[in-house]
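Structure, as structure tokens:
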Amino acid sequence: MLTIITSDLHLGSPHCRREDFLAFLARLPAGCTLVLNGDTIDDPRTPLSADDEAALLAMGEPARGLRVLWLRGNHDDGYRPPASISQQVLAEVVLEGLLVTHGDRFDNLMPHGRWFIA
């Protein structure tokens, strides 16, 4: 079974390449597993635009036949994806012996130095 891992989509950000992501989704074969490895949403406190919401929901369309695994990242921490996409948010997953997790789990600088981001 084919597994595709992607990260840092940042839906809701003006820098998100939503149209490129939708084109990417259209090329995925039915039955594959799509791992969203964190920061799928840019800011869980800001509502998504209609276009960003549509891109998000496109992953859960039954015709796509995708199995979607949603891994938490620091930007989307606390966001609950629609049930049509993922039933749970995971911190990590092991696929064929490969650990998949978002890099913020190993970051000791950013949680204590938000000034660094600015």
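Full extension of the chain between Met1 and Gln87 yields a length gain of 28.9 nm, computed as 0.36 nm times the residue separation minus the alpha carbon distance. With all protein chains in place and a 1.4 Å probe, the accessible surface of the chain carries 54 percent carbon and sulfur. In the chain, the calculated helix contribution to ellipticity at 222 nm averages -5000 deg cm²/dmol per residue, counting -39,500 (n - 2.57) for every DSSP H run with n ≥ 4. With protein chains left intact and a 1.4 Å probe, residues in the chain average 60 Å² of accessible area per residue. For the chain, modelled as a GNM whose springs connect Cα atoms under 10 angstrom apart, the maximal fluctuation among Arg18, Arg64, Arg27 occurs at Arg27. For region 18-39 versus region 53-104, the inter-centroid distance based on Cα atoms is 11 Å. When the Gaussian network model of the chain links Cα atoms closer than 10 Å, the mean-square fluctuations of Leu98, Leu34, Leu71 top out at Leu98. Here, P(r) means the percent of Cα pairs in each 5 Å bin from 0 to the largest distance; for region 1-100 it is 3, 13, 25, 28, 20, 9, 2, 0. Across the chain, the mean sequence separation of Cα contacts (distance under 8 Å, 6 or more residues apart), normalised by length, yields a relative contact order of 25 percent.
The values are calculated or read from the model by the stated rules, or taken from the named source; none is laboratory data. Just so it is clear, the structure is predicted and the values come from calculations on it, not from any experiment. These accessible areas exclude ligands, DNA and RNA; they are computed on the full protein's heavy atoms, side chains included. Shrake-Rupley method; radii C 1.70, N 1.55, O 1.52, S 1.80 Å.
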